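Input: a single structure, listed below in structure tokens.
The values are calculated or read from the model by the stated rules, or taken from the named source; none is laboratory data. Remember, it's a predicted structure, so these values are computed and weren't measured experimentally. With ideal geometry, Cβ positions are generated from the backbone for all residues, glycine too; neighbour counts draw on all protein chains shown. The protein model used for the area step is the full one, side chains on, heavy atoms only, and it has no ligands, DNA or RNA in it. Shrake-Rupley method; radii C 1.70, N 1.55, O 1.52, S 1.80 Å.
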Amino acid sequence: MAAMPHELKLKTLEGGDLNVEIIPTSTIQELKAMLHEKKDCEDPIERQILKVKVLSGGFLVDDHQTLESAGLLHAESDVTVIYCRNEIEAATKEAIHEEGLLQVNIPSSLTEIPAEAFENCDQVVKVVIPESVTAIGNGAFEICTYLASITIPESVTHIGNFALADCKSLASITIPESVTAIGDAAFYGCESLKSITIPKSVMVIGDAAFQNCKTLASITIPESVTSISASAFRGCRSLESITIPESVTAIGNNAFEGCSSLASITIPESVTVIGDGAFHSCSSLASIAIPESVTLIGECAFANCKSLESITLPESVTFLGNGAFAGCKSLASIRIPESLKERWPVGL
């Protein structure tokens, strides 16, 4: 007697539901073929066919097993379908987190985490990256809202643009000494990230790399970095103090804008440029020493620094942007070079 078809209810990693009618003796490989037909599996970016992975109880199911032997037909079985670009070696539940959240182990055959590989995977809470990986691609873990832990090995040299952006549960991370570049907005919006040490190997911190890391209270910038990129720490409202190394020659546009807890900062003698809006709305900044090396202070550089009481501009400054000190309501004393006095009304 032929086996009767069985309706199988599955959930996707993105939170959707799938229903398929299949024979209990069918293999997982046959189920995957049906799941391919149920969904458009062409990746619109890479133009390649996405892989289908089936998990039961948080573990990958072998392709040669039948639905019956894999226990997928039980009413209480927890079956998840993952459509992905890359190979996932294993995925297991983390008991300390809500039911359904996963740990992902990247296989050692990979040398790079592909761009957007786990983008928007809300269920991923822990990621272990093997020593074979040298780069984390653009947006690889972007908007993994519940990602709380990620291990980056010493083999990784590059963290791509938006690689871990909007990972709102990520409270700490260790960047290894092998990393030389942190991409644009790499940690943008990591609201739970409280502190981070950037190793001496890093030469480039991309634009908006740590923008809107609202609980970031301390950060160490190494002497290998030569410029603070645009919006690098914009909106880091818990950042209280920061030391800029002697290697830095420029502070980019809006680099520290909105760092409302920033009470003190030391600008080294190496800095020649303070960009537009660099310290805009740093409302706790009461004083700042500008060294003789600085030649340019951009537009609105210190605008709305409401606690700033006095400032002395050195003779080296040859350009003062419009509204450089606009809205500095507590500013009672300012000394500017003779060459800039004709522009004084513009600099306010």
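Couple of notes before you dig in:
- Summing charges over neighbours of Leu239, with a neighbour being any other residue whose Cβ is under 15 Å away from its Cβ, gives +1 when K and R count +1 and D and E count -1.
- DSSP beta bridges in the chain [antiparallel fraction, %, rounded to 5]: 35
- Helix 28-38 and the longest principal axis of the Cα set of the chain meet at an angle near 60°.
- Solvent exposure of the chain, expressed per residue, is 45 Å² of accessible area, with all protein chains present and a 1.4 angstrom probe.
- Equivalent-ellipsoid semi-axes for the chain (Cα gyration tensor, √(5λ), whole Å, largest first): 54, 18, 16.
- For region 213-287, the normalised intensity computed at q = 0.17, 0.19, 0.28 Å⁻¹ comes to -0.55, -0.69, -1.46 (log10 of I(q)/I(0), Debye sum over alpha carbons, equal scatterers, no solvent).
- The listed peptides 283-291, 131-139, ordered by packing as a protection proxy, come out as 131-139, 283-291 (highest mean of other Cβ atoms within 10 Å first).
- The portion of the accessible surface of the chain made up by carbon and sulfur, rounded to a whole percent, is 49 (1.4 Å probe; DNA, RNA and ligands excluded).
- Within a Gaussian network of the chain (alpha carbon springs, distance under 10 Å), most fluctuating of Ile221, Ile311, Ile113: Ile311
- Remark: region 130-253 carries a charge dipole of roughly 340 debye about the Cα centre, counting +1 on each Lys and Arg Cβ and -1 on each Asp and Glu Cβ.
- Overall Cα dimensions of region 279-346, principal axis frame, Å, largest first: 28, 21, 18
- Protection proxy ranking of 114-121, 23-30, by the mean of other Cβ atoms within 10 Å over each peptide's residues and highest first, is 114-121, 23-30.
- Counting charges near Pro199 (Lys, Arg +1; Asp, Glu -1) among other residues having Cβ under 14 Å from its Cβ returns a value of -2.
- Dimensionless Rg over Rh [region 224-336; C-alpha; Kirkwood]: 0.92
- Net +/- balance of residues flanking Ser293 in space, Cβ distance below 15 Å, scoring K and R +1, D and E -1: -4
- The overall shape of region 123-234, judged from the alpha-carbon gyration tensor, is oblate: a/c is not under 1.5, and a/b is no greater than b/c.
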